[in-house]
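**Student:** Before anything else, here's the structure in question.
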Amino acid sequence: MPASRDFTAAASAERPLLVGIDVGGTSIKLGLVDSRGETLAYQAIPTHAETGAADAADRMGQAVRALYAEAGVAASDVARAGLATPGPLDIATGMLLHPGNLPHWHNTPIRDLVSNACGLPVRFANDANAAAYGEFWRGAGREVRSMVMFTLGTGVGGGIVIDDVLLEGCHGCGGELGHIIIDCHDDAPNNSLDILGTLEGYCGSYGVTGRAEAALARGDASSLRKRTGDGEELTPLMIAEEAEAGDQLALDVVLDTAKYLAIGIVTAVHTIDPESVVIGGAMTFGGAGHPLGERFLDRIRSEAKSRMFEALRDKVSIDFATLGSDAGYLGAAGLARRDAP
């Protein structure tokens, strides 16, 4: 989280207070948040996924009590907790089904484990959806009534918020924007679920590196060849570094990623007609203020507008997210806030 964050003092916090928990494959972020979305206290603990969900839930409970002590509040001041985890999940039953990055947590009643450990009722959500709600509530979407968010990383996540309501769907699969089909050809790349032609297959990190690997295999000239030949792993970060250094193949891979993402964005815009599209996650090629990140965003905007209804081209904003890794715990707390009495 940003080192410059100024925590809100408990005395000026607006009740009820809420806890937001964002579970990742390597770390769990927890924040004590007031009803305006101001953070009073924050902790990050290692996931230690191999020790199982029950052990992690117990440590989440300990961390929550540490948040209370840090902020100087009583447990009675806290109304609810929000819990964000990777999917797939069953929101109605609180079950974590079979997330790829938490193999020891499959088919676990994670909501109830965390609720018992923390002593709080828990609102359960998909991590990408929670991040989207966080950006809507406290970040890039806070001035709009409807927003779509795409998160770029190993995969492509998403979230849709309309009039302060997170669209989760009747089976908990709403907002799975990474699985929009953008290529119907039989030779389209598979995604992580072996589905052909999805946005994630082109814009997830493995899709980005896959296109670079294919170009190198064709014999295309690139400074990437020397680095991989020296034993370095080809990653999106390496591609970004070489693009910044002037390598044309690397730059083409970045800008092609922008084009494919724009196609997915247009599909979402023509389906939902939101005020705002927000792009976040770990793979934004430097993001806002960075020359390559800004070039990436400019290409997304130009490619999207060229395919969008003319009436929407100057009305739907496309911008980077602003909350970074805070979005998940803030969004989880914000969703809990909606359920608080």
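**Student:** Would you mind listing the strands (runs of 3 or more DSSP E) fully within segment 1-90 where at least 2 residues are more than 28 Å from H171 (Cα to Cα)?
**Tutor:** Here the list reads 27-33, 39-46.
**Student:** Among the residues in segment 153-163, are any surrounded by fewer than 17 Cβ atoms within 10 Å (Cβ to Cβ), assigned by TED's automatic domain parsing to the domain that holds A282 and out of contact with any strand residue (DSSP E or B) (no Cβ under 6 Å at 6 or more places or on another chain)?
**Tutor:** yes
**Student:** Return the residues of segment 216-236 that are of a type outside the set (D, E) and either surrounded by 11 or more Cβ atoms within 10 Å (Cβ to Cβ) or closer than 17 Å to G246 by Cα (or both); say none if nothing qualifies.
**Tutor:** Within segment 216-236, L216, A221, S222, S223, L224, R225, K226, R227, T228, L234, T235, P236 meet the criteria.
**Student:** Among residues belonging to segment 171-199 that are among the polar types (S, T, N, Q) and not in a loop (DSSP other than H, G, I, E, B), point out the one that is farthest from V277 (Cα to Cα).
**Tutor:** N190
Results for (1) under 25 Å from I162 (Cβ atoms); (2) acidic (D, E); (3) at pLDDT below 95; (4) in contact with an Asp or Glu (Cβ under 8 Å, 6 or more places away or on another chain), shown as yes or no for each residue.
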| site | (1), (2), (3), (4) |
| --- | --- |
| L237 | no, no, no, no |
| E241 | no, yes, no, no |
| Q248 | no, no, no, no |
| D273 | yes, yes, no, no |
| G280 | yes, no, no, yes |
| L312 | yes, no, no, yes |
| V316 | yes, no, no, yes |
| D319 | yes, yes, no, no |
| T322 | yes, no, no, yes |
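**Student:** Looking at this structure, is P99 loosely packed, with under 15 Cβ neighbours inside 10 Å and under 21 Å from the mean Cα position of the chain (by Cα)?
**Tutor:** Judged against the criteria, P99 is not a match.
**Student:** Follow-up question, since we're still on this one. Filter segment 146-170 for residues that are under 22 Å from R123 (Cα atoms) and not in a strand (DSSP E or B) and give the result.
**Tutor:** Across segment 146-170, the qualifying residues are D163, D164, L167, E168, G169, C170.
**Student:** For the structure I just gave you, tell me whether A128 is part of a helix (DSSP H, G or I), within 21 Å of the chain's Cα centre (by Cα) and among the aliphatic types (A, V, I, L, M).
**Tutor:** yes
The values are calculated or read from the model by the stated rules, or taken from the named source; none is laboratory data. As the structure is a computational prediction, the values presented were derived from the model and not from experiment. Neighbour counts run over all protein chains shown; Cβ positions are idealised from the backbone, glycine included.
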